[in-house]
Amino acid sequence: MFDDLDGVKCAIVEKNVSSERANFLKELLEFNGFTVIMIPSPPAKTAVAPPNTETDGPKVEPLATSFTVGVTDVVFNAVNAIFGRLLRTPEGHVVTLAYWNQKDRASQDWIPYYSKPL
């Protein structure tokens, strides 16, 4: 999946993630040599009519609560990178699916992913 983030063609890593998740992904991907671009996600479209600025006052933009994370390497695919064992943690271990999903604090790359309970 590709998109233009800040005018740069990027492979989208994840959309609508929290700031903590976005920072985790940014640090991990930059450690692995990728150039990361992180922008606020557009607000969700709602069926409610926009406020009338004449009667409701000036429109105030809400603070971003979710982000879109992308890398400038358009060949990047997170699934291929994880299961192809292409990413490393700062400690030198291979990034596992549980580590990527932030279920494990440390990568346990010596345990095969197919033998872990869900």
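Quick note: the coordinates plus some simple rules give every number you see, no bench work behind them. Note that the coordinates shown come from a computational prediction; the quantities given were computed from them, not determined experimentally. Don't worry about glycine lacking a Cβ; one is built from the backbone with ideal geometry, like all the others, and counts go over all protein chains shown.
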Check: Within the set of pairs 6 or more residues apart or between chains, which connect a residue that is touching a residue at least 24 places away in the same chain (Cβ under 8 Å) and closer than 18 Å to Thr72 by Cβ inside region 7-30 to a residue that is assigned to a helix (DSSP H, G or I) and not hydrophobic (A, V, I, L, M, F, W, C) with Cβ atoms less than 9 Å apart?
Finding: Glu14/Arg21; Leu28/Tyr99
Notebook entry, point to check: How about region 31-42: which of its residues are touching a residue at least 24 places away in the same chain (Cβ under 8 Å) and either in contact with an Asp or Glu (Cβ under 8 Å, 6 or more places away or on another chain) or within 18 Å of Asn16 (Cβ to Cβ) (or both)?
Noted result: Phe34, Thr35, Val36, Ile37, Met38, Ile39, Pro40, Ser41
